[in-house]
1. For the condition surrounded by fewer than 16 Cβ atoms within 10 Å (Cβ to Cβ) and in contact with a Lys or Arg (Cβ under 9 Å, 6 or more places away or on another chain), what is the one hit in Asn146, Asn171, Asn133?
2. Among the helices (runs of 4 or more DSSP H) contained in region 91-205, which hold 1 or more residues that are at pLDDT 90 or above?
3. Just one of the numbered conditions (1) surrounded by 13 or more Cβ atoms within 10 Å (Cβ to Cβ); (2) more than 18 Å from Glu126 (Cβ to Cβ); (3) modelled with pLDDT of 90 or more is not true of Glu73; which one?
4. Can we say Ser116 is of a type in the set (Gly, Ala, Ser), under 19 Å from Leu79 (Cα atoms), surrounded by 15 or more Cβ atoms within 10 Å (Cβ to Cβ) and in contact with a helix residue (DSSP H, G or I) (Cβ under 7 Å, 6 or more places away or on another chain)?
5. Applying the selection to region 5-31, what residues are over 23 Å from the mean Cα position of the chain (by Cα) and loosely packed, with under 14 Cβ neighbours inside 10 Å?
6. In region 32-69, which residues are of a type outside the set (Ser, Thr, Tyr), surrounded by 19 or more Cβ atoms within 10 Å (Cβ to Cβ), under 23 Å from Lys170 (Cβ atoms) and in contact (Cβ under 8 Å) with a residue 40 or more places away in the chain?
7. Taking region 53-90 on its own, how many of its residues are farther than 21 Å from Ile21 by Cα, in a helix (DSSP H, G or I), among the charged types (D, E, K, R) and over 15 Å from the mean Cα position of the chain (by Cα)?
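The values are calculated or read from the model by the stated rules, or taken from the named source; none is laboratory data. Note that the structure is a prediction, hence the values are computed from the model and not measured. Here the Cβ positions follow ideal geometry from the backbone for every residue, glycine too, while neighbour counts run over all protein chains shown.
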Amino acid sequence: MIKRTFYNLPEQKRQRIIDAIVEEFSSSSTEKVSINRIVKAANISRGSFYQYFDDKVDLVEVLTKSFVDLSIEGANKALEYSNGDIFYTYEKLFEIITKFAQDKTQKVILKNLLRSLRANDDLVSEYLLNRFNGFEELNKIAKQYNTDNLKFKSSEDVEYLSQILTQLLKNAIFNYFVIDVDYQTVKKTFLRKLEIVKSGAVAQF
């Protein structure tokens, strides 16, 4: 767990550490990430590192925090704007997540993390299984979906629908960040799949 001492650091020093973490993860696969290189680049001692972080898993949280926060914020805004339209929300989530690729460093980091996830890397798996709170936030969002225009109304069915759309989103993200399929192709395919699912889920009036 990231310790409060890290967040209490002067902004300049905290940013220097973040920059060192970003540089390390953008130039190395997760299994080769080196704490020694990070502390050297950040100009801190190894002892200081452990005053701020428990282990390397915390570094994954540092990297993904802004990404996750912006995604959750965007999903909530999309829900509010669309009066709880689940399909509109996932379309906007796709736009928010792929927008990170405009920053080449962020794209490389996400690519490395996703590759590690696919390979069941211990570092990323530990973060997702035990420290990532994004799934909990997504569950909260799922409870806000408007079921008025859906063929089914139960919370269980809406959760299943959300799981299907999440899997489509994951596939699109993986194809874009890891397989390097061009953006327009990924977007077109993702939106078409959304439309197919929507045609079976939305009631016709």
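1. Just a single option satisfies the conditions, and that option is Asn171.
2. 155-177, 183-201
3. Unmet for Glu73, out of (1) surrounded by 13 or more Cβ atoms within 10 Å (Cβ to Cβ); (2) more than 18 Å from Glu126 (Cβ to Cβ); (3) modelled with pLDDT of 90 or more: (1).
4. Taking the combined requirement at face value, the residue does not satisfy it.
5. Thr5, Asn8, Pro10, Glu11, Gln12
6. Result: Val57, Val60, Leu63.
7. Number of matching residues: 2.
Yes or no, residue by residue, for (1) closer than 24 Å to Tyr81 by Cβ; (2) among the hydroxyl-bearing types (Ser, Thr, Tyr):
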| residue | (1), (2) |
| --- | --- |
| Ala142 | yes, no |
| Tyr145 | yes, yes |
| Ser154 | no, yes |
| Tyr160 | no, yes |
| Leu165 | yes, no |
| Ile173 | yes, no |
| Asp180 | no, no |
| Tyr183 | yes, yes |
| Glu195 | yes, no |
